[in-house]
1. Out of curiosity, is Ala134 without any contact (Cβ under 8 Å) to a residue 40 or more places away in the chain and under 60 Å from the mean Cα position of the chain (by Cα)?
2. What are the residues in region 337-349 that are in contact (Cβ under 8 Å) with a residue 24 or more places away in the chain and either exposed (fewer than 15 other Cβ atoms within 10 Å of the Cβ) or under 12 Å from Gln380 (Cα atoms) (or both), if any?
3. Which of the residues spanning region 223-267 are at pLDDT below 95 and among the acidic types (Asp, Glu)?
4. Would you mind finding the one in Thr285, Thr295 that is surrounded by 13 or more Cβ atoms within 10 Å (Cβ to Cβ) and modelled with pLDDT under 95?
5. Do we have any residue at all in region 305-312 that's without any contact (Cβ under 8 Å) to a residue 40 or more places away in the chain, more than 18 Å from Arg85 (Cβ to Cβ) and either not assigned by TED's automatic domain parsing to the domain that holds Ile243 or not in a strand (DSSP E or B) (or both)?
6. Residues in region 386-402: is at least one assigned to a strand (DSSP E or B), surrounded by 12 or more Cβ atoms within 10 Å (Cβ to Cβ) and in contact with a Lys or Arg (Cβ under 9 Å, 6 or more places away or on another chain)?
7. Identify, please: which residue in region 229-267 is touching a Pro at 6+ places or on another chain (Cβ under 7 Å) and not β-branched (Val, Ile, Thr) and is, among those, nearest to Leu88 (Cα to Cα)?
Amino acid sequence: MLNRGPNEFVQKDGQADEFPAHKSGARRRGGIFAILGILALAGVGFAALQYWPTLNNRPVKSASAPTAIPVTTGKTGIRDMSIERSALGTVTALSTVTVRTRVDGQLLSLSFQEGQDVKVGDVLARIDPRPYEAELARVQATLAKDSAQLTVAKADYDRASKLSSSGYGAVQIADTAKGQVAILEATIAGDQAAIDTAKLNLDFSTINAPVSGRVGLKLVDEGSMLHVSDTAGLVTITKMKPIAVEFSLQQDDLPDLLAGQNSGELSVAVDSRDGQQHLADGKITAIDSQVDPNTGMIKLKATFPNESLSLWPGELVTARVVTRTDRNMVAAPAAAIQNGQNGPYVFVVKPDNKVAAVPVEAGLTAGGYTALKSGIAPEQEIVVGGQSRLSDGALITVKNAGSNVASTSESKP
């Protein structure tokens, strides 16, 4: 093996070759210079990016400036807060009558159309009157006969009385004649009663409406034989005006219900079962005398004029009744009330467009508003939307500037 110096060459396979140590050092120096050049270019590029907005005449936003949070605001106000209870109820008629015959006979005709409105006394049906006309004629003839006999008996009594008083006749004959007169007078009274009964039965052969209302579907057909003992009847008449709604509320509402009934302020609004359509307005007319021990509910009845026939017997509806009204309460939109670890609070808007979290004592909620018993004054601007990003002292921008969309200044909900 030959020893080689750093600057010596060696002949290998007829070619000259450089020593490896010299070649390796040159490569290291070239790599270092390349890395330094890349870092320098990167620094220049980063500086150019930092100053690019300025070079393009665009302002540079300061990273330390706070960002305003968009919110919706409203104001507190003075309101009459009403406690409203609702329940599913049933429309019931104040009067439902099944019309029945009061005499036996064949039904000759029906004088109504199904679903027709009728008034008291309107003719509904007629029964064959001939048997009752014949009976009336018979008892009238009996009365005439007995009246004639009474006339003869009175004449006999007059003669017997005169003869007895003058001493030419027996007193016994006079007394007998007097008794015969009394018997015939009683007979005539019975005949007159029979005549009245026959007339009444003849009148009953014409069936009239006992109440005003709407007739339902007929239960018999013309030509049928009717009997007093029939249970089905001819038709049903339902009184539609006024009409009632029966529903139940919890027994806890009973004190307010009784107080409201005594003051005459228990108004009831009725909506369709799904609550989509308002049907009628009325008043509570009756509170049941006892609470159902099984359910803890108290039954109520409300009456409605029903002039437009918006309520129908048997219909299921939603009844809403205001059990109590608290007057002149400070209130805020319910959406403004937030709940924290220390209780409810609201975000109050300060003059510098920053908010402050103010604790409040919340009362009842009705009609989308919550009564505030303490903590805030009327006409105070508060945040009603967008609170999820807020904290005490946060800067805000009002989306509804110039409009008080959540104002509670009106007197009633």
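1. Considered against the rule, which asks whether it is without any contact (Cβ under 8 Å) to a residue 40 or more places away in the chain and under 60 Å from the mean Cα position of the chain (by Cα), Ala134 comes out as yes.
2. Those that are in contact (Cβ under 8 Å) with a residue 24 or more places away in the chain and either exposed (fewer than 15 other Cβ atoms within 10 Å of the Cβ) or under 12 Å from Gln380 (Cα atoms) (or both): Val346, Phe347, Val348, Val349.
3. Within region 223-267, Asp230, Asp252, Asp253, Asp256, Glu265 meet the criteria.
4. After applying the criteria, what remains is Thr285.
5. Yes, some residue in region 305-312 is without any contact (Cβ under 8 Å) to a residue 40 or more places away in the chain, more than 18 Å from Arg85 (Cβ to Cβ) and either not assigned by TED's automatic domain parsing to the domain that holds Ile243 or not in a strand (DSSP E or B) (or both).
6. Taking every residue of region 386-402 in turn, at least one turns out to be assigned to a strand (DSSP E or B), surrounded by 12 or more Cβ atoms within 10 Å (Cβ to Cβ) and in contact with a Lys or Arg (Cβ under 9 Å, 6 or more places away or on another chain).
7. Pro242
For every residue, the table says whether it meets (1) in contact with a Cys (Cβ under 8 Å, 6 or more places away or on another chain); (2) of a type in the set (A, V, I, L, M, F, W, C); (3) not assigned by TED's automatic domain parsing to the domain that holds Ala362.
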site	(1), (2), (3)
Asp253	no, no, yes
Ala259	no, yes, yes
Gly275	no, no, yes
Asp281	no, no, yes
Asn339	no, no, no
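The values are calculated or read from the model by the stated rules, or taken from the named source; none is laboratory data. Here the structure is a predicted model, which is why all the values come from computation and not from measurement. Because the Cβ atoms are built from the backbone with ideal geometry, glycine has one as well, and the counts that use them run over all protein chains shown.
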